[in-house]
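Just so you know, all these numbers are worked out from the coordinates, no wet-lab data involved. Predicted model, so just to flag it, every value in this text is computed and none were measured. With ideal geometry, Cβ positions are generated from the backbone for all residues, glycine too; neighbour counts draw on all protein chains shown.
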């Protein structure tokens, strides 16, 4: 018997998301395989035309590279700050994760770890005790993913920046909420930047970089835009949605 088709609006629990067009990176492995921080953004994607558009916009030379076993294209740009648009719900995480050799082995909420194993019908998820609690130390890294859209690059989905920075895990979600709260727009303009930082502890000085999100406008400009939108709403020319509170 042929099953009747169900209209999309009647499907419960269906979550729509943007496909990932590529990745924005702030690090790269050396010839010896050691990770190192970058002062300028690096973009990677299986779409060569997209990487060429990024290079035309932000500088750099396009080259091939291997993302694990998958051939892709990359460009190390000359930009340490870029204009982006934030789609709805751009932040994923932070979530505690354990990576080894570019493979995510565990995902953890500080109580239970989710482990991916090969089952008879493909990947399966097993829940195991938190490794950090068992070993008495931080084994996992607070991983945050920020999805953005790029200007002047053919639209094929979101570009994702993944970072294990604790500072980014603390700062990015709050900045996204503030910018979106003030903006009152579905798509929010912002600027993504690489910020060098220095920390001192146990007699050692550590230099590192953190991805940061900034508004493309001053607070005064954003408030003026908000007042103009409210005036249009009062005249019945625009209908605003109530923003979520922080």
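Structure notes:
- Translational diffusion coefficient (Stokes-Einstein; Kirkwood radius from C-alpha pairs) of region 93-172 at 20 °C, 1.002 mPa s, in µm²/s: 149
- Taking only the Cα atoms of region 47-154, the radius of gyration and Dmax are 18.3, 50 Å.
- Cβ-Cβ FRET estimate between residue 31 and residue 133, R0 fixed at 41 Å, reported to 0.05: 0.65
- The modelled label-to-label distance for the pair residue 152/residue 166, using points 7 Å beyond Cα in the direction of Cβ, is 3.9 nm.
- Separation of region 83-156 and region 22-69, taken as the distance between their Cα centroids, equals 21 angstrom.
- Residue 89-residue 214 pseudo-label distance in nm [points 7 Å out on the Cα-to-Cβ vector]: 3.0
- With R₀ fixed at 45 Å, the C-beta to C-beta distance from residue 200 to residue 63 puts the FRET efficiency at about 0.75.
- Treating each Cα of region 20-234 as an identical point scatterer and summing with the Debye formula, the log10 of I(q)/I(0) at q = 0.10, 0.11, 0.14 Å⁻¹ comes to -0.54, -0.65, -1.00.
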